[in-house]
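In what follows, a structure is listed as structure tokens, so that the remarks can point back to it.
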Amino acid sequence: SEHVAGMVLAAMAVDASMRGAINLATSDAVLAAARERGIDPLEFEAGYENRRRRLEAAFEGRGSVPRIVYHTGAFGIEPITYVLGETALEAVSLAAELVDEGDGDGDGDGG
């Protein structure tokens, strides 16, 4: 999607090795699973105006591109979490692990 591509371009502007991303619905369980792994998710404003520039500034201010970037939504914008990696496969693998861990029972079925 255009938004995932924008996230990758913003990440690559700060760290050229970050070339993969996947988006998921924002979930407290997934964010908690990330934190349990020592990943510090970065929250950002959901609005689309100047999003790429705002993300680049947030990454630069943090000193690195985080593996998890999310927003909690806004009027007409659903909450989204982006999982980033050096490759798309790495991003998808981490996302699957976090969803499974956030599931609570380890079987990945949401319950």
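Every number in this text was worked out from the coordinates using simple rules, so none of it is lab data. Nothing here was measured: the structure is a model prediction, and the numbers come from that model. Glycine gets a Cβ as well: all are built from the backbone with ideal geometry, and neighbour counts include every protein chain shown.
Here are a few things to note about the model shown:
- Prolate/oblate/rounded call for segment 52-99, Cα gyration tensor, a/c under 1.5 rounded: oblate
- For chymotrypsin sites (Phe, Trp or Tyr not before Pro), the sites in segment 1-81 that DSSP calls loop and that have at most 14 other Cβ atoms within 10 Å are Y48, F75.
- In the elastic network of the chain, a GNM with C-alpha springs shorter than 10 Å, the most mobile of G73, G20, G85 is G73.
- Based on Cα atoms of the chain, Rg over Rh with Rh as the Kirkwood radius reads 0.96.
- Value at 222 nm in deg cm²/dmol, rounded to 500, when DSSP H runs of n ≥ 4 in the chain each add -39,500 (n - 2.57): -14000 deg cm²/dmol
- In percent, rounded to a whole number, the relative contact order of the chain is 34, using alpha-carbon pairs under 8 Å and six or more apart.
- Antiparallel content of DSSP bridges confined to the chain, in %, to 5: 85 percent
- Compared with the dominant principal axis of the Cα atoms in the chain, helix 2-14 is inclined by about 70°.
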